[in-house]
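The values are calculated or read from the model by the stated rules, or taken from the named source; none is laboratory data. Quick caveat: nothing in here was measured; it's all calculated off a predicted structure. Note: ideal-geometry Cβ built from the backbone for every residue, glycine included; neighbour counts use all protein chains shown. Note: accessible area is taken over every heavy atom of the protein model, side chains too, but ligands, DNA and RNA are not part of it. Shrake-Rupley method; radii C 1.70, N 1.55, O 1.52, S 1.80 Å.
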Amino acid sequence: GDIKRSLHNECTMFEAVDKNFKSLMKKTAKRNLALKATLGVAGLLNDLRRHNATLDQIQKQLNKYLETKRQSFPRFYFLSDDELLQILANSNDPNKVQPHLKKCFDNINSLELEPNNSSRHIFAMISHEGESVKFFDKNLKAQGYVEDWLKKVQNSMQDSLQKLMAEGKETYEKTDRAQWGKEYPGQIVATVSQVYWCYETEAAIRGMEENPESMDSWYVSNNYQLEQLVDLVRGPLTDIQRKIIVALITTDVHGRDIIEMLRDEEVDSVRDFSWQQQLRYYWQSNLVVVRQI
């Protein structure tokens with residue numbers, strides 16, 4: 001495939017060395033002793049030295065080739081040379097590329113491909129837990145150089161999550177929070193909920209000037225949200241939904257504890273260090289910005 005096209009001369013050189021070595025091994029196998037197999041063979045030592053030099057030359061060119069691939073798609077740096085060679089040798093078969101995806105992408109365990117694989121369409125990314133996130137790009141295909149279509153997978157991953165994030169943000173205030181947590185992928189639920197928690201916490205802090213009970217009211221609201229999630233976990237959920245909600249409960253408990261601390265310290269300014277030291281999520285220009293001093 002791609003390796004033979006890019007390293008045509010080196011492949012020819014390797015095939016010549018490989019053919020010669022196999023021939024030597026066949027002759028050696030017919031003799032019982034190493035001395036019998038090697039003594040009196042004209043030019044054997046020089047041939048082996050020449051083949052070693054050829055293999056060194058091939059290895060250098062192979063390393064340069066792998067480096068160009070890694071520079072073209074930096075996620076290949078997460079792979080060993082052997083793993084990358086397996087990908088490049090099977091670039092036309094996405095199913096053989098799939099086992100290496102989990103090392104290139106954080107928790108993309110596999111890609112959902114068209115069943116018969118005729119058009120090589122890629123429909124979604126699937127996590128290790130089995131959560132499927134659809135790609136918005138309907139023309140995404142595993143075609144061409146492997147680094148090129150993996151770049152498109154990367155772009156589609158980012159684009160799809162960004163669009164889902166914007167959609168989740170829009171529906172957050174319009175939907176019951178517990179129900180909302182069941183309708184979106186885990187990354188969207190975790191991030192958007194943190195954005196709104198930060199926004200509402202800062203609103204409560206600013207409100208302290210006019211209403212000293214502002215932070216206490218927000219603390220009560222957080223407890224209520226937690227009770228809703230706990231009730232939800234006790235009901236029927238899919239395995240993926242349960243993991244998402246349990247993770248949300250964990251972050252909510254941490255958030256509630258922070259609010260309790262802010263309330264007890266009577267923080268009334270968003271510039272107060274007790275608030276600034278926290279990990280804070282903001283929504284700016286359709287992007288999530290995370291800040292912490």
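A straight Cα-to-Cα reach below 17 Å connects residue 134 with the aspartates and glutamates 106, 112, 114, 159, 167, 183, residues fewer than 8 places away in its own chain not being considered. From its DSSP helices (H runs of at least four residues, each -39,500 (n - 2.57)), the chain gives a residue-normalised ellipticity at 222 nm of -20000 deg cm²/dmol. Paramagnetic label reach from residue 143 (point 7 Å along Cα→Cβ; backbone nitrogen cut-off under 17 Å): within the stretch 63-90, no residues. When the Gaussian network model of the chain links Cα atoms closer than 10 Å, the mean-square fluctuations of 163, 243, 64 top out at 64.
Spacing of the modelled spin labels on residue 116 and residue 246, each 7 Å from Cα toward Cβ, amounts to 4.1 nm. For the listed residue pairs 69/102; 26/64; 19/69; 169/243, the alpha carbons are over 23 angstrom apart in 26/64; 19/69.
Given R0 = 41 Å, the distance between the Cβ atoms of residue 32 and residue 12 translates into a calculated FRET efficiency of 0.75.
Axis angle, to the nearest 10 degrees, between helix 8-29 and the longest C-alpha principal axis of the chain: 60 degrees. Placing dummy labels 7 Å off each Cα toward the beta-carbon, the span from residue 68 to residue 266 is 7.0 nm. Its relative contact order, with pairs defined as Cα atoms under 8 Å and 6+ residues apart, puts the stretch 1-149 at 18 percent.
Send over a whole-number figure in Å² for the accessible area per residue of the chain, probe 1.4 Å. Don't skip to the end; give the middle numbers.
Values: 17440 Å² over 293 residues.
Per-residue value: 60 Å².
Among all the aspartates and glutamates, which ones have a C-alpha under 14 Å from residue 103's C-alpha, if same-chain residues fewer than 8 places away are not counted? In chain and number order, the partners are 81, 82, 83. Note on residue 152: aspartates and glutamates with a C-alpha under 14 Å away, same-chain residues under 8 apart excluded, are 137.
Compactness of the stretch 1-77 is given as radius of gyration and Dmax, 17.0, 52 Å, from Cα positions. Ordering 22, 174 by accessible surface, largest first, gives 174, 22; the 1.4 Å probe counts only protein heavy atoms, with every chain in place.
The accessible surface of the stretch 1-136, taken with every protein chain in place and a 1.4 Å probe, is 54 percent carbon and sulfur. Tell me, what is the FRET efficiency for residue 60 and residue 210 to the nearest 0.05, using R0 = 51 angstrom and their Cβ-Cβ distance as r? Taking R0 as 51 Å, the efficiency between residue 60 and residue 210 is 0.10.
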